[in-house]
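Working notes, beginning with the structure itself.
The values are calculated or read from the model by the stated rules, or taken from the named source; none is laboratory data. Being a predicted model, the structure only gives us computed values, none of them experimental. Glycine also receives a Cβ, built like all others from the backbone with ideal geometry; neighbour counts cover every protein chain displayed. Just so you know, the surface numbers come from the protein's heavy atoms only, side chains and all, with ligands and any DNA or RNA stripped out. Shrake-Rupley method; radii C 1.70, N 1.55, O 1.52, S 1.80 Å.
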Amino acid sequence: MSTVRLTVAQALVRFLANQYSERDGVQHRLIPGCWGIFGHGNVAGVAQALLEAHTTGSADLPYYLARNEQGMVHAAVGYSRMRNRLQAFACSASVGPGSTNMLTGAALATTNRIPVLLLASDIFATRVSSPVLQELELPSGYDVSVNDAFRPVSRFFDRVWRPEQLPAAMLGAMRVLTDPAETGAVTIALPQDVQAEAHDWPEELFAKRVWHIPRPVPEPAALDRAVAVLRSARRPLIVAGGGVHYSEATEALRRLAEATGIPVADTQAGKGSMLWDHPQAVGGVGSTGSPVANALAREADVVLGIGTRYSDFTTGSRTAFQNPDVRFVNLNVTALDAAKHSGVMLVADARTGLEALIGALEGYHVDDSYTQEHRSRFKDWNKVVDRAYHLDHQPLPAQTEVIGALNESIGTNAVVVQAAGSLPGDLQMLWRAQDPKQYHVEYAYSCMGYEIAGALGIKMAAPDREVYSLVGDGSYLMMAQEIVTAVSEGVKLIIVIIQNHGFSSIGALSESLGSQRFGTSYRYRDSDSGLLDGGTLPVDLALNAESLGADVIRVKTIDEFRSALDQARAATRLTAVHIETDMLAPVPSSESWWDVPVSEVAQLDSTQQARKVYESHKAEQRAFLTPITEETAK
Ligand SMILES: Cc1ncc(C[n+]2csc(CCOP(=O)(O)OP(=O)(O)O)c2C)c(N)n1
Ligand SMILES: [Mg+2]
């Protein structure tokens, strides 16, 4: 057996450069590159290996330098989601804080079921010089390091204590990255000395390897069970989740909907799986959905969930589905999700599952009266959306007008990116998706800071698209530094900074829970009240973005905003548009609820009142425990 002598890091880089994914006969580089921030934990290991690969041409693994390790994981996630999980970046971080900075990104990736490969540097395996800089030094176990914190947030975790362990670790990592049911963050902890250690590797470790991403077909008996329930439905509703996108099943979804007449509601990750103007699209379902979808959900007798994890926002914290006889059919590649709400489990790829359902449901169609009902409701709802888009709110514009101006000018070949604050809710309710990949809101982990960093990865995955990062002042202040990365890589983003001096979202939530917006605005501390409700702070985020290398346009009105968008589109460089909005401007109601607890005992009258409202909603929560038997399937 011929061998090649390389360090662990050199072998790792060579291995990663030769991994491919394949689905539907098309191959992609599985690991298109490596993000990294170097410190003493990886500068002699992974960094040396990437340099050597670049210089000698021994492996093709482009390197990208981020400004914060959390940001680089967000960029990797944005990229992978945009590529429907067929590709995943590697991210190399130094030992200690460099690696733990990736923890939030790992949790985000795993929660969203998006593949990303994290190469977390670790303390010396040999321990001769322990404790090293940034070593946790746990008195109860010297083999524990901060990287063990990655275990619960990773779908696969391994630590390469010895070079001989690398092949198994990497094969395990690739298997999980490319398994649609298992995927998420994959973490390989690499002790700093082991990265630089040499070993004689079997040549075949570096052969081209193709990982076939499967499209599991539904089991015939499960399909029969699903079809029996669906055929019995008089008021069915489809809930389309992110899995529809990842499986590239939007066309199959449209065909099933048209063949059966079933209306389609979507989740945050599923938005765009039916375009907004399709006659069977009824908008988002749940806490921030459309009242049309929520009215249908309330009375639905069968819910067909496709590629959804049924988060609390989707189910209105389990108050959205009120029909006492409601049953669920769950088409999902992951058994965890297919089993939810005691549904019929149709464990399969969304596309193959939909195709099987189209065939098996032949002849089934909902009554015309059902269709008429939601069409007329949807028409009325559209007028509400139009009004929200054109409120002419004074003196400061409303956020809904910013969304409207953007939606009306963005074009199909664009992406709008968001993650946290009041925007995800407003967008889910009001955004009219004109292209399946136009809407990218990270709302499984809803992580402030994903907006700009994630957008960077999205633009790298789709350079021909205009990518708009919408970012609130709170999220901007958490993580704006990847502007510098985008500028240095020549990646053009359009960043819309929405300044409302604090947390519009949590402020409104706080008020609804009787907590009077406490601690949710960015203001001076007032010496009389002792609270943060003094004057406006002298903060200038436009200037801040400019200082990081962005071209900046400041606007005050929606008309100015529209022309700034034109200017930003015409620009070749990263451009930020700064607009101040009124955080108290009105937003239409979704006619749904979200479960956030209210104090059970309180002296404040506002809290006591909120608790009463809370208890009435709690009474509407459903457990969905009824098993589906042959009897209930009818
Ligand atoms: C990292 C992180 N920390 C805290 C939260 C909780 N949180 C959700 S929205 C929000 C405020 C967002 O403020 P901003 O970006 O200004 O948006 P706005 O609410 O004003 O629209 C906070 C603190 C979060 N989602 N993510
Ligand atoms: Mg804000």
Discussion item. Given the condition part of a loop (DSSP other than H, G, I, E, B), open to solvent by 40 Å² or more (accessible area, probe 1.4 Å), under 30 Å from residue 414 (Cα atoms) and among the basic types (Lys, Arg), answer yes or no: does some residue in the range 610-632 qualify?
Written reply: no
Discussion item. Condition first: among the hydrophobic types (A, V, I, L, M, F, W, C) and within 30 Å of residue 544 (Cβ to Cβ). Now tell me which residues in the range 569-626 satisfy that.
Written reply: 570, 571, 574, 576, 577, 579, 583, 584, 585, 587
Worksheet, complete the sentence: Among strands (runs of 3 or more DSSP E) completely within the range 275-357, the ones holding 3 or more residues that are at pLDDT 95 or above and of a type in the set (A, V, I, L, M) are 302-306, 344-347
Discussion item. Need pairs with beta-carbon distance below 9 Å; first residue closer than 11 Å to residue 456 by Cα and touching a residue at least 60 places away in the same chain (Cβ under 8 Å) and within the range 484-511, second within 13 Å of ligand 1 (Cβ to nearest atom) and aromatic (Phe, Trp, Tyr); sequence gap 6+ or separate chains.
Written reply: 495/476
Fill in: Matching entry among 564, 486 (being at pLDDT 95 or above, more than 16 Å from ligand 1 (Cβ to nearest atom), closer than 24 Å to residue 394 by Cα and not basic (Lys, Arg))
564
Worksheet item: Before we move on, is residue 59 part of a helix (DSSP H, G or I) and in contact (Cβ under 8 Å) with a residue 12 or more places away in the chain?
Response: no
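Quick grid of which residues meet (1) outside any strand (DSSP E or B); (2) of a type in the set (Gly, Ala, Ser); (3) open to solvent by less than 30 Å² (accessible area, probe 1.4 Å):
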site	(1), (2), (3)
76	yes, yes, yes
87	yes, no, yes
111	yes, no, no
157	no, no, no
Practice prompt. Kindly list the number of the only condition in (1) open to solvent by less than 60 Å² (accessible area, probe 1.4 Å); (2) touching a residue at least 24 places away in the same chain (Cβ under 8 Å); (3) not aromatic (Phe, Trp, Tyr) that fails for residue 382.
Written response: (2)
Discussion item. Looking at the range 463-486, can you tell me whether even one residue there is of a type in the set (D, E, K, R), within 13 Å of ligand 2 (Cβ to nearest atom) and more than 27 Å from residue 271 (Cβ to Cβ)?
Written reply: no
Worksheet, complete the sentence: Within the range 50-89, the residues that are closer than 27 Å to residue 146 by Cα, touching a Phe, Trp or Tyr at 6+ places or on another chain (Cβ under 7 Å) and of a type outside the set (Ser, Thr, Tyr) are 50, 66, 72, 74, 75, 76, 89
Worksheet item: Just wondering, is there one or more residues in the range 259-272 that are outside any loop (DSSP other than H, G, I, E, B), β-branched (Val, Ile, Thr) and under 22 Å from residue 441 (Cα atoms)?
Response: yes
Item to complete: Please name all residue pairs, on different chains or six or more residues apart, with Cβ atoms under 9 Å, provided the first residue is in the range 453-477 and is over 26 Å from residue 504 (Cβ atoms) and more than 9 Å from ligand 1 (Cβ to nearest atom) and the second residue is among the small types (Gly, Ala, Ser) and assigned to a loop (DSSP other than H, G, I, E, B).
Response: 460/33
Worksheet item: Which condition number does residue 409 fail, the rest of (1) within 16 Å of ligand 2 (Cβ to nearest atom); (2) open to solvent by 20 Å² or more (accessible area, probe 1.4 Å); (3) not aliphatic (A, V, I, L, M) being met?
Response: (1)
Item to complete: Note down all Cβ pairs under 6 Å where the first residue falls in the range 604-618 and is under 15 Å from residue 318 (Cβ atoms), the second is at pLDDT 95 or above and open to solvent by less than 80 Å² (accessible area, probe 1.4 Å), and they're at least six residues apart or on different chains.
Response: 614/598; 617/593
Worksheet item: Does any residue of the range 531-545 turn out to be outside any loop (DSSP other than H, G, I, E, B) and within 13 Å of ligand 1 (Cβ to nearest atom)?
Response: yes
Worksheet item: Hey, among the residues in the range 113-147 that are without any contact (Cβ under 8 Å) to a residue 24 or more places away in the chain and either in contact with a Phe, Trp or Tyr (Cβ under 9 Å, 6 or more places away or on another chain) or among the small types (Gly, Ala, Ser) (or both), which one's surrounded by the most Cβ atoms within 10 Å (Cβ to Cβ)?
Response: 127
Worksheet item: Of 225, 215, which residue is within 32 Å of the chain's Cα centre (by Cα) and part of a loop (DSSP other than H, G, I, E, B)?
Response: 215
Worksheet, complete the sentence: Here the residues within the range 230-281 that are among the hydrophobic types (A, V, I, L, M, F, W, C), within 27 Å of residue 632 (Cβ to Cβ) and open to solvent by 30 Å² or more (accessible area, probe 1.4 Å) are 259
Discussion item. Just the residues that are outside any loop (DSSP other than H, G, I, E, B), of a type in the set (Val, Ile, Thr) and buried (at least 20 other Cβ atoms within 10 Å of the Cβ), please, taken from the range 20-56.
Written reply: 37, 46
